[in-house]
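Undergrad: Before anything else, here's the structure in question.
Values in this text are rule-based calculations from the coordinates and carry no lab data. Computed from a predicted model, the values in this text were never measured in an experiment. Backbone-built Cβ (ideal geometry, glycine too); neighbour counts: all protein chains shown.
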Amino acid sequence: MKRSSRLAVFAGTTLALGAIAAAGITAASPGEHRASSVGAADGTTWPIVQSSPTADTGTSLSGLAAAPDGTMWAAGGRQASGVYKPILQRLTGSTWSNVTLPAAAAPYRFNAAAATSASNLWLAAQLNTSGDSHAVLQWNGTAWKTFKVPLSFQPSDIATAGPGSAWVVSSSAAKRWNGTAWADTPIGIKPRAITAVSPTSAWAVGWAEGQPATAHWNGTSWTNVPFPRIDGVDVKSEIASTLSDVYAASANDVWAVGSVRVIDESGKKVSRSLLAHWNGTAWSNVLGAPGTYLTKVASDGAGGIWVSAGANMRHRTAAGVWSDESLAQPTGTKAIPTELALRPGTTTMWAVGYTSTDATRWADLAHWRSN
């Protein structure tokens, strides 16, 4: 079994992961969300951008899409009087403003978002009211389209390589959009996240048979790609040992993060963070210290990556140097980021999610900005 603070060679670079600190719904009125006055030490804390809580509305964001042209969207849901409604926001300058949605979106809550331009946005949508289907929504720059999918298929993540090429996954299946229709595509793993490199190259990560697992789309079908087996994994645990997110810089440079439930030398079950890299030939991986986990990974725009574990943000440069920053947490709350993304054309990273109030566990949607 691997131990904490191990070294692994990723794409020819020695990677020191070290110990990763572990971390971890209130209200907001709809409208614009501007930078608040939450303070931080320079260079160490991302300021928070969020609205003020209200008494009867719980809001959270679970999707973040960044298009190469710099367009960004954040998606999620809002609870009011016991009814969930979808939220979609667009970033203009440094301000997030709510986007008017079609009536067809009303029954859903958005779980994930993906985009390649201002005229190609895809949303994975979960049914919140009575009905016969979940859905995938597409914005083509002019109008919305809604594609219904069976209740047995709950869209959890989505990726796109252009208007005629998209993928959506549920907890056990995958579908692909070929420009005309959605089709089931057997995937062979239980996917948690998906990313697209091109119409002929996409990666899905998750788990299979109690172990972290990956699959690759080659333009025709999914193929399970061998992932290093991790010794000591508790395959009977109710908490899955899984990869939870994936980012592809290119077909030969892919990063994935997650956590595994392992049994240590004393027989105790512990969580350990998992960081993995694909170099075009094989996956390598490294475990963090007991009690750690990783949830998200994203490009820094300069050959490096950002990874998150609750409010703790870790940065790895292209040279393999690690540093730590954090998300601002207003007094009495916890920061819970759900997605990370670089705004293309800038050096600014964004995180979205929500803050959870300690006393009430209510949620308030939040955006954090790195600089």
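Undergrad: Among (1) 26, 53, 19, 2; (2) 30, 61, 9; (3) 29, 52, 13, 5, 1, which one is P(r) over Cα pairs in 20 Å bins from 0, in percent computed from these coordinates?
TA: Answer by label: (2).
Undergrad: OK, next. Give me the one-decimal nm value for the distance between modelled label points at LYS148 and ASP184, 7 Å along each residue's Cα-to-Cβ direction.
TA: Here the answer is 1.8 nm between the modelled labels.
Undergrad: From the phi angles alone, apply the Karplus equation (6.51, -1.76, 1.60; θ = phi - 60°) to the range 198-203 and give each ³J(HN,Hα) in whole Hz, x where the residue is Gly or Pro.
TA: 7, x, 10, 8, 9, 10
Undergrad: Right, something else. At 0.36 nm per residue, and after removing the present C-alpha to C-alpha distance, how many nm does the segment from ASP132 to LYS268 gain when stretched out fully?
TA: Once the chain is fully extended between ASP132 and LYS268, it gains 44.6 nm.
Undergrad: OK, next. Given the range 217-300 reduced to its alpha-carbon atoms as identical point scatterers, what log10 I(q)/I(0) does the Debye formula return at q = 0.24 Å⁻¹?
TA: The computed values of log10 I(q)/I(0) come out as -1.20.
Undergrad: In nm², what is the average projected area of the convex hull enclosing the Cα atoms of the range 288-341?
TA: 4.3
Undergrad: Still on this structure, I have one more. Which of the peptides 165-171, 186-192, 320-326 is most tightly packed, and how do the rest follow, judged by the mean count of other Cβ atoms within 10 Å per residue?
TA: Going by the mean number of other Cβ atoms within 10 Å, highest first, we get 165-171, 186-192, 320-326.
Undergrad: Treating the beta-carbon of each Lys and Arg as +1 and of each Asp and Glu as -1, no other charges, what is the dipole magnitude of the range 186-315 about its Cα centre, to the nearest 20 debye?
TA: Its charge dipole is roughly 200 debye.
Undergrad: Let me have the relative contact order for the range 231-298, percent, based on Cα pairs under 8 Å that are six or more residues apart.
TA: Relative contact order for the range 231-298 comes out at 31 percent.
Undergrad: Then there's this: Could you give P(r) for the range 270-371, binned at 10 Å from zero, as whole percent values over all Cα-Cα pairs?
TA: The calculated distribution, bin by bin, is 14, 42, 32, 10, 1.
Undergrad: Then there's this: Around LEU127, what is the net charge, scoring Lys/Arg as +1 and Asp/Glu as -1 over all other residues with Cβ under 14 Å from its Cβ?
TA: +2
Undergrad: What are the ³J(HN,Hα) values, in whole Hz, obtained from phi via the Karplus relation 6.51 cos²θ - 1.76 cosθ + 1.60 with θ = phi - 60°, for each residue of the range 70-81 in sequence order, with x given for Gly and Pro?
TA: Going residue by residue, I get x, 5, 10, 10, 10, 9, x, x, 9, 9, 9, 6 Hz, with x marking Gly and Pro.
Undergrad: Right, something else. Taking a quarter of the surface of the convex hull around the Cα atoms of the range 99-166, what do you get in nm²?
TA: That works out to 4.3 nm².
Undergrad: Normalized C-alpha radius of gyration of the range 90-210, against 2.2 N^0.38 Å?
TA: Ratio of Cα Rg to 2.2 N^0.38 Å: 1.05.
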